[in-house]
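A.B. asks: I have a structure here, written as structure tokens, and I will follow up with some questions on it.
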Amino acid sequence: QRLFHGFDFAGRLCGHDGDVRHKPLLYWPHPQDPNYPVCVSGCPTDTSSNLSVPVEFAVRMNNGDKQLTTITSMEKVVPTYSSIQVGGHFCLPKPGSDRATGFTTAL
């Protein structure tokens with residue numbers, strides 16, 4: 001199972017672990033940045049829906065010889081894009097779209 005199913009940004013196995021048990025497909029909300037995939041129940045087919053996705057950023061402050069790094073995590077709502085199911089477990093940008101070009105370039 002771990003060889004064929006995707007893991008989301010939190011390390012959960014799509015379609016098997018806890019609250020993603022009923023979400024067997026892996027989807028990249030930002031195909032140009034494939035670091036934060038999410039599990040979904042079905043591949044989005046257009047831009048009419050929204051998804052909550054994780055966003056993290058770090059702020060570094062220097063104080064003499066000490067450095068403090070604060071990492072903030074939050075969720076952001078983003079629109080979906082047209083995707084197709086591939087290999088039974090993955091939602092990839094629809095071929096020929098701008099998102100598809102960005103996704104293959106990012107890999």
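The values are calculated or read from the model by the stated rules, or taken from the named source; none is laboratory data. Quantities reported herein were computed from a predicted structural model and do not represent experimental measurements. Cβ sites come from the backbone with ideal geometry, for glycine too, and all protein chains shown count toward neighbours. Quick note on the areas: whole protein, heavy atoms, side chains included, nothing else; ligands and nucleic acids left out. Shrake-Rupley method; radii C 1.70, N 1.55, O 1.52, S 1.80 Å.
A.B. asks: Residues of region 63-96 being among the aliphatic types (A, V, I, L, M), under 16 Å from Ser41 (Cα atoms) and open to solvent by 50 Å² or more (accessible area, probe 1.4 Å), which ones?
C.D. replies: The answer is Ile84, Val86.
A.B. asks: Please work out which residue is least open to solvent (accessible area, probe 1.4 Å), limiting yourself to region 18-38 and to residues that are modelled with pLDDT under 90 and in contact with a strand residue (DSSP E or B) (Cβ under 9 Å, 6 or more places away or on another chain).
C.D. replies: Pro31
A.B. asks: Quick one: which of Arg60, Arg21, Arg12 is out of contact with any Ser or Thr (no Cβ under 9 Å at 6 or more places or on another chain) and more than 17 Å from Gly88 (Cα to Cα)?
C.D. replies: On the way: Arg60 fails: out of contact with any Ser or Thr (no Cβ under 9 Å at 6 or more places or on another chain); Arg21 fails: more than 17 Å from Gly88 (Cα to Cα).
Sole residue among the options that is out of contact with any Ser or Thr (no Cβ under 9 Å at 6 or more places or on another chain) and more than 17 Å from Gly88 (Cα to Cα): Arg12.
A.B. asks: Would you check which residues across region 61-101 are touching a residue at least 40 places away in the same chain (Cβ under 8 Å) and of a type in the set (Val, Ile, Thr) and list them?
C.D. replies: Once the filter is applied, which keeps residues that are touching a residue at least 40 places away in the same chain (Cβ under 8 Å) and of a type in the set (Val, Ile, Thr), region 61-101 yields Val78, Thr80, Ile84.
A.B. asks: Among the listed residues Ser52, Ser41, identify the single one that is of a type in the set (Ser, Thr, Tyr), modelled with pLDDT of 90 or more and loosely packed, with under 13 Cβ neighbours inside 10 Å.
C.D. replies: None of the others qualify; the one that does is Ser41.
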